[in-house]
Amino acid sequence: MSKSIQIIKEDSKYLMQSFKRWYPLVIDHAKGSIIYDVDGKEYIDMNSGIGVMALGHGNEKIINAIKEQMSNFFHYSLTDFYYELAVDVAKKLTSFLPFSSKVFYTNSGTESVEAAMKIARWYTKRQYIIGFINSFHGRTLGSLGLTSSKTVQRRGFSPLLPSTLLLPYPDSRNPLLKDDPVNRLMEYIEDWIFEKVVDPNEVAAIFFEPIQGEGGVIIPPEDFVKELRRVTYKHGILLVVDEVQTGIGRTGKMFGFENFDIMPDIICLAKALGGGLPLGAVVGRSEIMTLPLGSHANTFGGNPLALAASKVVLEEVPKLLDRVNYLGKEIIDELNNSKSPYVYDVRGKGLMIGVELRKNGKAFVDGLERVLMCSFNRGVLPIGAGESVVRLLPPLVIEEELANKGTRVIREEIDKLR
Ligand code: PMP
């Protein structure tokens, strides 16, 4: 029995199996954009541990920063004490925004969303929170009220957070929005939702992924995002962008919202922020970040080792944005070379890319599973999204040659679909 099979058997015996793995990769170690499994096989990393390892694996600058911090101290809770590193990273993070802002640290995406919901309710003194269908904001009981990329995520866990409401995302595949998603959706929000369901004066915030990630790399029309910003300003509703997946350079801009020429009120971050260590953050306009003393905190948020890594990430990622855009275009061009009749759409921004597979007008779920499994067998690691989208989120530092090689294998496996 191979070591991989042995570990997978034990995994199913000792770990709750509430998540679905696409293929049986058992990682041993990794360097740059190459993953090595426990049986000695090599793979090209085309998912970055789901959008986390922006600077690749084993980055020397990150290792050195963590080592140095380790010899100072590992942990001393920000909830009760102070340290300079927390200020340094917050200074750097807020320097990317043109307005005065403040930071709250968490350990994950879902915690950032939870904190943002509390901040929005407190600041506005309003209750309702609006999200979008097919979005992903996390799986804890608060954020789950906004998550709806698959029913299995919600089924059996209700009641979810009261006073949450989900709207259609401006997705032209939605038959109700066909032809004119922006105007149809804005009319729906203003003339139906705000007239008949909830008074906009009771809405604290609208949570929005600048590009839906788990939902299938869905990019909204720029006009819609601008309209959403206009309407939220008009009614004093906070616009919270969930940049857990799109943030920190992934889309070729520091933050995903910059692709749409708007400014949000609150930004939720995690994934790439900690360079592979657990770190999340809420960054919001200073006047909004006003939860009262003692009302919100966590033991580990802003862990010093994670912050030491984050400092490197925030210094290095801005230098990579041009190559992220360039490589992303190359990858999209190669995927567009596919002759497969099952490619419904190739889309993306920067290095957040999806290929939607459809057969007979429906999601080609088996096709997605086959492409992922066969790519894995050939040493390439893309991941799935939505119902049938092959998702590529390679490290932002991936070598051009590796990115092209990995993409070619994925494209060839798509072309083999029957
Ligand atoms: N928001 C978005 C946009 C995400 O993509 C994710 C994770 N896929 C989350 C929130 C939740 O992050 P975490 O798994 O760290 O809780």
Candidate aspartates and glutamates - alpha carbon under 17 Å from Lys359, same-chain residues fewer than 8 apart omitted: Asp345, Glu369, Glu387, Glu413, Asp415
Stretched fully, the stretch from Lys329 through Glu10 gains (0.36 nm per residue minus C-alpha distance, one decimal, in nm) 110.7 nm
Would you mind checking the pairs Lys41/Lys405; Lys102/Lys349; Lys20/Lys150; Lys92/Lys311; Lys61/Lys253 and listing those with alpha carbons more than 18 angstrom apart? Lys102/Lys349; Lys61/Lys253
Are there DSSP H segments in the chain that both extend 27 Å or more along their axis (alpha-carbon positions) and score a mean Kyte-Doolittle hydropathy of at least -0.5? List them, or say none. 304-336
Listed with the fewest Cβ neighbours within 10 Å leading, Tyr23, Tyr14 appear as Tyr14, Tyr23
Binning at 20 Å from 0, report for the chain what percent of all alpha-carbon pair distances ends up in each bin. 26, 59, 15, 0
Euclidean distance between Cα centres, the stretch 1-34 to the stretch 188-250, Å: 37
Honestly the stretch 97-189 on the Cα gyration tensor test (a ≥ b ≥ c root eigenvalues; a/c under 1.5 rounded, otherwise a/b vs b/c for prolate or oblate) is just oblate
At a threshold of 8 angstrom on Cα-Cα distance, excluding pairs fewer than six apart, so keeping six or more, what relative contact order does the chain reach in percent? 23
Tally the DSSP beta bridges in the chain and give the antiparallel ones as a percent, rounded to 5. 65
Quick one: go through the stretch 96-110 and flag any residue whose amide nitrogen is under 18 Å from the point 7 Å out along the Cα-to-Cβ line of His75. 105-109
Cα→Cβ-extended label distance, 7 Å offset, between His235 and Ser95, nm: 3.8
Neighbouring Cβ atoms within 10 Å as the yardstick, rank Cys268, Cys374 fewest first. Cys374, Cys268
Given an 8 Å cut-off on Cα distances and at least 6 residues of separation, report the relative contact order of the stretch 95-223 as a percent. 28
First check a/c for the stretch 213-313, with a ≥ b ≥ c the square roots of the eigenvalues of its C-alpha gyration tensor; if it is under 1.5, answer rounded, and if not, answer prolate when a/b is larger than b/c or oblate otherwise. oblate
Using 0.36 nm per residue of separation minus the Cα-Cα distance, give me the extension gain between Glu190 and Lys67 in nm, one decimal. 39.0 nm
Restricting to Cα pairs under 8 Å and 6 or more apart, the percent relative contact order of the stretch 296-418 works out to 26
Step through the residues of the stretch 343-353 one at a time and calculate ³J(HN,Hα) from phi using the Karplus curve (6.51 cos²θ - 1.76 cosθ + 1.60, θ = phi - 60°), rounding each to whole Hz and writing x for Gly and Pro. 7, 7, 6, 10, 8, x, 9, x, 9, 10, 10
Only counting other Cβ atoms within 10 Å, I'd like Val203, Val152 sorted with the fewest neighbours first. Val152, Val203
Which whole-angstrom value gives the distance between the alpha carbon centres of the stretch 44-122 and the stretch 260-305? 8
With bins 10 Å wide starting at 0, give me the P(r) of the stretch 300-418 over every alpha carbon pair, in whole percents. 14, 41, 26, 15, 5, 0
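No lab work stands behind these numbers, since they all come straight from the coordinates. Quick caveat, the model's predicted, so the values are computed rather than measured. Glycine gets a Cβ as well: all are built from the backbone with ideal geometry, and neighbour counts include every protein chain shown.
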